Structure formats: structure tokens, C-alpha cells
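Below is one structure, written out as C-alpha cells; comments come after it.
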Amino acid sequence: FSNDTYFEMQKRLNLAYSQTAKKLNTKLAPVGAAYNQVRLINPQIWAQLYKADGSHPSASGAYLAAIVIYALLFEADPEKIKFKGTLPDTVASLLKASAALAINKQRNAKN
């Protein structure tokens, strides 16, 4: 896509994932929305969610995706997840809060 932006790419991904979840009648883990929450809260940490190629997740990005998926599957509060791997407490807390915001926004949008 020429002149593509992060936002346009994320819109396409969100639409494709949403359509697939509806088609399969399954839950959608809002990982992209959680990434966006991090971007809004702390752009410096958001940049750390990617490997040097700018596309694939770093350990922090994989952690964020994992807690979103875990919280959705087990109906858990991401902010109460104790595991943080090797992440500093401040980073893990921000990622958990971002996951919680994304999940809550998705739940509220369905109501």
C-alpha cells in the first residue's frame, strides 16, 4: 500500500480480524487495540513493542498480546496478572493497564 500509515494498516487488520471472528462466531482478542492504547499512553514504550524491523513483536509486544489473549480466554483482569517475565514493573503495569482498557472498550462496544 503506497503512503500507508500505521493507522490505516491497523484499521485493515481490525476489520479483517473482526469479520473473521464474526464468521467463526468466536471471541476477538483486541491485541491491536491494546497496542494502540500503549501508543496513546506512552509512545516510547509503544516503540519498544516491536523488533528492529518495525513489524514483528519484541518480548514486550509478545507479552502484551499474551496477556490480552489470556485475560479474554479466562475472563481475567489483566491488571491482576502477576507474571511479568523480565519486564520492569513500570512497563508491565502499563501494558496490563493498556490490555484492560482495550478489553473493556471492546466489551462496552458490544453492549
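The values are calculated or read from the model by the stated rules, or taken from the named source; none is laboratory data. Nothing here was measured: the structure is a model prediction, and the numbers come from that model. In this analysis, Cβ positions are derived from the backbone assuming ideal geometry, glycine residues included, and neighbour counts consider all displayed protein chains. Areas reflect the complete protein model, heavy atoms only, side chains present, ligands, DNA and RNA absent. Shrake-Rupley method; radii C 1.70, N 1.55, O 1.52, S 1.80 Å.
Below are the figures for this structure:
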| quantity | calculated |
| --- | --- |
| Contact order normalised by residue count of the range 12-101, Cα under 8 Å, 6+ apart, percent | 29 percent |
| Three principal axis lengths of the range 1-44 [C-alpha, angstrom, descending] | 35, 27, 8 |
| Two-site FRET efficiency, SER2 against THR26, from Cβ-Cβ distance with R₀ of 41 Å, rounded to 0.05 | 0.75 |
| The chain, accessible surface, carbon-and-sulfur percent (1.4 angstrom probe) | 58 percent |
| Solvent-accessible heavy-atom area per residue, rounded to whole Å², over the range 23-88 at 1.4 Å | 64 Å² |
| Peptide ranges 94-106, 32-44, 6-18 listed from the most packed, as the mean C-beta count within 10 angstrom indicates | 94-106, 32-44, 6-18 |
| Dimensionless Rg over Rh [the chain; C-alpha; Kirkwood] | 0.96 |
| Diffusion coefficient, µm² s⁻¹, Stokes-Einstein with Kirkwood Rh over alpha-carbon pairs of the range 32-78 at 20 °C and 1.002 mPa s | 196 µm²/s |
